[in-house]
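Have a look at the structure below, then the notes.
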Amino acid sequence: MFHLLEKRVQRAFHHHIQARYGIDLAIAIEQPKQAEFGELAIPVAFQLAKQRKQAPKKIAAELVADIGAIEGISALEIAGNGYINVRFDRAQYGAALLEAVEEVPTATAEKIIVEHTNINPNKAAHIGHLRNAALGDTFVRMLRARGKRVEVQNYIDNTGVQVADVVVGFHYLEHKSPDDVKRLIADPAVRFDYYCWDLYARTSAHYKEQPDSIEWRSQTLHAIEAGSGEQAEIGAIVADAIVGAHLKTMLRLGVEYDVLPRESEILHLKFWSAAFELLKERKAIYLETEGKNKGCWVMPAAAFSEDSEDSKVIVRSNGTVTYVGKDIAYQLWKFGLLGKDFYYRPLHVYADGRVLWVTTDQPPTSESRIPAFGRASRVYNVIDARQSYLQDVVVAGLRALGFDDQAGQSIHFSYEMVALSPRCCAELDIPLSEEDRRRPYVEVSGRKGLGVKADDLMDKLIEKALEEVASRHPEASAEEQRAVASQIAIGALRYFLLKFTRTSVIAFDFQEALSFEGETGPYVQYAVVRARSILRKLEEKGERVPDFRAELSSGALGRQLHSEDFWQVLLAASKADAALERAVTAGEPAHVAKYAFQIAQEFNNFYHLYPIIHEQDREKKVFLLWMTDFFRAQLERTLGVLGIEAPPYM
RNA sequence: GCGCCCGUAGCUCAGUUGGAUAGAGCGUCUGGCUACGAACCAGAAGGUCGGGUGUUCGAGUCACCCCGGGCGCACCA
């Protein structure tokens, strides 16, 4: 509702200024510094002052005098040197909230693709991957909440170096056959993704000790790319098993996908050759004939960087294509520009009925209905900031091909890494060099097996939450306690990963991540639980939740909202749409997290200040109950966007 | 060397795209459970927004120059 009025005021001023001065001005809307100043502040007079060569105060006065009435607005006031402060008609505002008058986001036909998670399928997921998935998944929920059509992709690099390294471990170090590996996967006593975590680190260490053994990697890589032989078989077995493990891990966080495009299909369905032809035909790349890149197909530096002099190799002198090359092909496919498509088969059906598809190189045998994937009008790639250089090259590739629009709609949704705090390393018994000890944080390294595994962290969180739940609700069944503890743990984890803005490096620390107090997910969940509990208690007392629309007249709302306290609290709770819109525009899930915390805080305060069930005055009691219910709905909705569930009790 | 990110309270971080007197959480100190469960609430202390110079009605926010820290700049992904 707040957002609706905000936009209405913005439109009114825009029209008026255009009519009056003939200026097409973007109207900025701000929050007044002090609540007493009103609900909105417009600094437009300052903007106009320069062009009109008049005092801001005078312009503000003219605007206020002539703009006329705006629906839902009770007053426009001039303050300070020329601010225009806007006051809402409280009774009307309350009535609109009561009637649930909301702007319905216009459903668009255009599709947005969000690609996230993208974990190499060769070892267990770690906290860095969790940040990626939490950011991506939340952004998807934000877009969907604003009415956008979104397709979620999780790219699987199942034929890359990292998978090859684990295959090297199985084949050369452990002398295991494909059947041995299958038995290992089937063994309930073994956590296969954890096993690979260690094996990957062991293989990497082996390369260091015996540099000649690096030859094993290229042999294996070739075998995998050719798709034949024992190593290729092990590669496929490992990658499929690990993808399964990752999907399970992510599902614990509530993260789902629509489709898993795999690198093996990009290879086998010759996506690259189609892209290669395009790039050559449009002269986006050329065959280098001299220097260190002699014999390679390269993209000239000028295409993607203003200062760099090094061109980027797309096809190596041995004829193989680099990762960036494949990524250009994949990005072209996302926009429907490649002239090719994958085949698909269903991989999994989620509890909510959503079907997860995976790409395949085999045409479908039956007439199954396959959704149309790709062909998006905008693409967000959730990839950490360390890869921005490569993302720039991919975008430059599209631009060089003449796809300027799509290049502009290719958005690197970048975020900083998750590192380990020194204290965290100490707790994990990770030995630190003298140099590392002086650093503010230590980078996670899969190669060194250095990091916090996602499932371990979730287990730890659940264990801690379970202690709390068990002590507070000893009467509940163990199963129920565990379910509640799990919701709290996941709420804490998702909130922790989302509360930081994307540009902030997270120095992971158990003490902070395991906290359930203060600015945390459980704090917000607790507010919802309390609101629900009030409504439940009311019914337990034999009363009924009132019919708010029938009992709360506009007059009653006006009387109750005359209280500055109630008005401010209701106002805060009604800003969900505005907060969400801002967060989507900024591409910043942290804004949603912040808003959730703010209104939870407002509610907790309200909860303490006003006895609700025991209120004697009928009108006031109904009003307070309505506020409680309104808060509950807004909190639940905002938590939903964050992918956090509210437990039945805490 | 070049590029990107960060520097705000003791610690961890926000700061609505340049607006009014810079805000949270944690920690510290003080107070509040026979109200709808205290995973909560109230209060206090705590700031040269890394430094400097500009831009203008106005700068934590923009430009430039420094200082400190991080990450990139492969025929790896």
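The values are calculated or read from the model by the stated rules, or taken from the named source; none is laboratory data. What you see is a predicted model; the values in this text were computed from it and never measured. So basically every Cβ, Gly included, is an ideal-geometry build from the backbone, and we count neighbours across all protein chains shown. When the accessible area is computed, the model is the full protein with side chains, heavy atoms only, and any ligands, DNA or RNA have been set aside. Shrake-Rupley method; radii C 1.70, N 1.55, O 1.52, S 1.80 Å.
Only residues that are assigned to a helix (DSSP H, G or I) and among the β-branched types (Val, Ile, Thr) were counted across the range A:612-650, and they come to 4.
Any residue in the range A:454-462 that is outside any helix (DSSP H, G or I) and more than 10 Å from RNA strand B (Cβ to nearest atom)?
Step one: filter the range A:454-462 for residues outside any helix (DSSP H, G or I), giving none.
Scanning the range A:454-462, I find no residue that is outside any helix (DSSP H, G or I) and more than 10 Å from RNA strand B (Cβ to nearest atom), so the answer is no.
Taken across the range A:371-386, residues that are open to solvent by 20 Å² or more (accessible area, probe 1.4 Å) and farther than 23 Å from residue A:137 by Cα do not occur at all. Among the residues of the range A:177-200, the ones that are open to solvent by 20 Å² or more (accessible area, probe 1.4 Å) and touching a residue at least 60 places away in the same chain (Cβ under 8 Å) come to 3 in all. Within the range A:38-47, is there a residue that is outside the structural domain of residue A:564 (by TED's automatic domain parsing), under 21 Å from residue A:574 (Cβ atoms) and of a type in the set (Val, Ile, Thr)? Yes, some residue in the range A:38-47 is outside the structural domain of residue A:564 (by TED's automatic domain parsing), under 21 Å from residue A:574 (Cβ atoms) and of a type in the set (Val, Ile, Thr). Per the listing A:42, A:78, A:29, A:67, the residue uniquely within 25 Å of residue A:631 (Cα to Cα) and of a type in the set (Val, Ile, Thr) is A:29. The residues of the range A:477-519 that are among the aliphatic types (A, V, I, L, M), part of a loop (DSSP other than H, G, I, E, B) and more than 9 Å from RNA strand B (Cβ to nearest atom) amount to a single one, A:514.
Evaluate the following for residue A:83: is it under 29 Å from residue A:560 (Cβ atoms), within 11 Å of RNA strand B (Cβ to nearest atom) and of a type in the set (Phe, Trp, Tyr)? Taking the combined requirement at face value, the residue satisfies it. Could you check the range A:78-98 and list, in sequence order, the residues that are in contact with a Lys or Arg (Cβ under 7 Å, 6 or more places away or on another chain) and surrounded by fewer than 21 Cβ atoms within 10 Å (Cβ to Cβ)? Listed by number, the residues that qualify are A:78, A:81, A:98. Return the only residue of A:124, A:96, A:91 being touching a Ser or Thr at 6+ places or on another chain (Cβ under 7 Å) and either away from RNA strand B (no atom under 16 Å from the Cβ) or β-branched (Val, Ile, Thr) (or both). Just one listed residue meets the conditions, A:91.
Those strands (runs of 3 or more DSSP E) of the range A:283-391 in which 1 or more residues are within 12 Å of RNA strand B (Cβ to nearest atom) and farther than 30 Å from residue A:418 by Cβ occupy A:297-299, A:312-315.
Scanning the range A:55-77 for residues that are under 22 Å from residue A:97 (Cα atoms), within 14 Å of RNA strand B (Cβ to nearest atom) and open to solvent by 60 Å² or more (accessible area, probe 1.4 Å) turns up nothing. What number of residues in the range A:522-560 are touching a Pro at 6+ places or on another chain (Cβ under 7 Å) and of a type in the set (Lys, Arg)? Matching residues across the range A:522-560 total 0.
For the range A:300-320, which positions are open to solvent by less than 20 Å² (accessible area, probe 1.4 Å) and under 27 Å from residue A:154 (Cα atoms)? Talk me through it step by step, then tell me what you get.
Of the range A:300-320, the ones open to solvent by less than 20 Å² (accessible area, probe 1.4 Å) are A:301, A:314-315.
Selection gives A:314, A:315.
Listed by position, the helices (runs of 4 or more DSSP H) inside the range A:168-281 whose residues that are on the phi < 0 side of the Ramachandran plot and not assigned by TED's automatic domain parsing to the domain that holds residue A:299 number at least 1 are A:178-186, A:192-209, A:214-226, A:230-252. When residue A:414 is tested against the conditions (1) touching a helix residue (DSSP H, G or I) at 6+ places or on another chain (Cβ under 9 Å); (2) farther than 16 Å from residue A:326 by Cα; (3) away from RNA strand B (no atom under 16 Å from the Cβ), the lone failure is (3). Among the residues making up the range A:29-54, those that are loosely packed, with under 15 Cβ neighbours inside 10 Å, over 17 Å from residue A:9 (Cα atoms) and near RNA strand B (Cβ under 7 Å from one of its atoms) are A:33, A:34, A:50. In the set (1) more than 15 Å from residue A:129 (Cα to Cα); (2) in contact with a helix residue (DSSP H, G or I) (Cβ under 6 Å, 6 or more places away or on another chain), the condition left unmet by residue A:431 is number (2). For first residues located in the range A:50-75 and under 23 Å from residue A:95 (Cα atoms) and at pLDDT 85 or above, partners that are more than 16 Å from RNA strand B (Cβ to nearest atom) and part of a loop (DSSP other than H, G, I, E, B) and lie 6+ apart or on another chain with Cβ distances below 7 Å form the pairs A:72/A:89; A:73/A:89; A:74/A:89.
Set side by side, the residues A:581, A:564, A:615 differ, and just one is outside the structural domain of residue A:144 (by TED's automatic domain parsing), over 34 Å from the mean Cα position of the chain (by Cα) and within 12 Å of RNA strand B (Cβ to nearest atom), which is A:615.
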